[in-house]
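These notes concern the structure reproduced below.
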Amino acid sequence: RSWEYAVFRGARLLDEVIPAMGVPAGVAVNVADPDGAMLFPPVVGIVPDGVAVDADADVPGGGRGL
């Protein structure tokens, strides 16, 4: 059986794909591997400020809005 997949560089995934989802989203990599697991939450500094769950639109540069 064949599987469809897409290859993205990390920056493109975080800067373009996550914002296009329309909901807060992060990225989990190898979550079942205790030695190689990584989690990138949808917060300022990881994803663009406009889609970060902790961004505060009233504070230049983001902030703690939650």
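The values are calculated or read from the model by the stated rules, or taken from the named source; none is laboratory data. Here the structure is a predicted model, which is why all the values come from computation and not from measurement. Heavy atoms of the whole protein, side chains included, go into the accessibility calculation; ligands, DNA and RNA do not. Shrake-Rupley method; radii C 1.70, N 1.55, O 1.52, S 1.80 Å.
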Non-local residues with an amide H under 5 Å from the amide H of VAL44, with H modelled 1.01 Å from N and Pro and chain starts lacking one, are VAL53, ASP54, ALA55
Treating only the Cα positions of the range 10-51 as identical point scatterers, give the base-10 log of I(q)/I(0) from the Debye formula at each q in 0.14 Å⁻¹. -0.32
Accessible solvent surface per residue of the range 10-51, calculated while the other protein chains remain in place, 1.4 angstrom probe, Å²: 66
